[in-house]
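In what follows, a single structure is set out as structure tokens and then discussed.
The values are calculated or read from the model by the stated rules, or taken from the named source; none is laboratory data. Every value quoted in this text rests on a predicted model; they were computed, and no experiment measured them. Note: ideal-geometry Cβ built from the backbone for every residue, glycine included; neighbour counts use all protein chains shown. Ligands, DNA and RNA are excluded from the accessible area calculation, which covers all protein heavy atoms including side chains. Shrake-Rupley method; radii C 1.70, N 1.55, O 1.52, S 1.80 Å.
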Amino acid sequence: MTINPADALLLAQDGNALTAITDFIAAWPAMWPNLWISTQDTIYMVWWATVFSVLFGLPLGVLLVATDKGGLIPAPVVRAVLSAIVNIGRSLPFIVLMVAVLTLTRFLVGTTLGPTAAIVPLSIGAIPFFARLVETALREVDREVIEAAHAMGTRKFTIVGKVMLPEAMAGLIAGLVMTVVTLISYSAMAGAIGGGGLGDLAIRQGYQRFDDHYLWATVILLIIIVQVVQSLGDLLVRRLSRR
């Protein structure tokens, strides 16, 4: 029986793919300790960067809406300055931002290496991003609801806390999920300058040592983390939207 050369090539490729998968599965137990430590570092970086993004990005987003024309406290000059700051923060590529804030990072945490140091550029990069998402979510709140609360003599701070934020909660959660997913990708890039986490492991073990198994493993784990975050976020947004 004569085998067509094209069929023979396909069989060889299938065999190579099967061998590669088998080798990858066999190598997983040896890689897992490093993968687990790097996964914890990634979660650590993303968690704290998310916390700082909410602490600073949420009030910044509220101010962008409140100081706009027709807002609760119209202040065009303040709004223009805040908007410019946010735009500058969003326009910088993250890899450039990481290098640009190395001095600030060293001043704040005493080093430019490791997961804790990576939190600084991650937070600075995510705060303006989340602020814009907060602004977008708050602008979707029914204007009549805000005007009704204002007509009843409700204080401006109370309107923000009791009317605007609750009404925009679904949009805020969606924006937060988008921010976390973005931070996960940023954390992988932080590995380029020794930020730790899965990105750092992929570069050191996968790229520099030509170990494809580590590259595949880090990609798989990053995909899993993103899928878990996105799925939980979508579930929460759907539940809030039904209220």
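Residues checked against (1) assigned to a helix (DSSP H, G or I); (2) out of contact with any Lys or Arg (no Cβ under 8 Å at 6 or more places or on another chain); (3) under 16 Å from Ile43 (Cβ atoms):
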| site | (1), (2), (3) |
| --- | --- |
| Gly195 | no, yes, yes |
| Ile203 | yes, yes, no |
| Arg209 | no, yes, no |
| Val219 | yes, yes, no |
| Val228 | yes, yes, yes |
*asked:* Suppose we filter Leu60, Leu113, Leu72, Leu102 for residues that are over 18 Å from Ile127 (Cα atoms) and open to solvent by less than 70 Å² (accessible area, probe 1.4 Å); which single one remains?
replied: Leu72
_Any hit, the stretch 180-189, residues being closer than 19 Å to Pro33 by Cα and assigned to a helix (DSSP H, G or I)_ = yes
*Note down all Cβ pairs under 8 Å where the first residue falls in the stretch 12-25 and is within 15 Å of Asp212 (Cβ to Cβ) and modelled with pLDDT of 65 or more, the second is open to solvent by less than 50 Å² (accessible area, probe 1.4 Å) and part of a helix (DSSP H, G or I), and they're at least six residues apart or on different chains.*
Asp23/His213; Phe24/His213; Phe24/Ala217
*Every residue from the stretch 133-147 that is assigned to a helix (DSSP H, G or I) and either modelled with pLDDT of 80 or more or open to solvent by 70 Å² or more (accessible area, probe 1.4 Å) (or both)*: Leu133, Val134, Glu135, Thr136, Ala137, Leu138, Arg139, Arg143, Glu144, Glu147
_Conditions (1) in a helix (DSSP H, G or I); (2) open to solvent by 30 Å² or more (accessible area, probe 1.4 Å); number of the one not met by Thr154_ = (1)
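How many residues does the stretch 197-224 hold that are within 20 Å of Ala49 (Cβ to Cβ) and surrounded by 19 or more Cβ atoms within 10 Å (Cβ to Cβ)?
First, the residues of the stretch 197-224 that are within 20 Å of Ala49 (Cβ to Cβ): 197-203, 218, 221-224.
Applying the additional criterion that residues be surrounded by 19 or more Cβ atoms within 10 Å (Cβ to Cβ) yields 197-203, 218, 222.
Total satisfying the criteria: 9.
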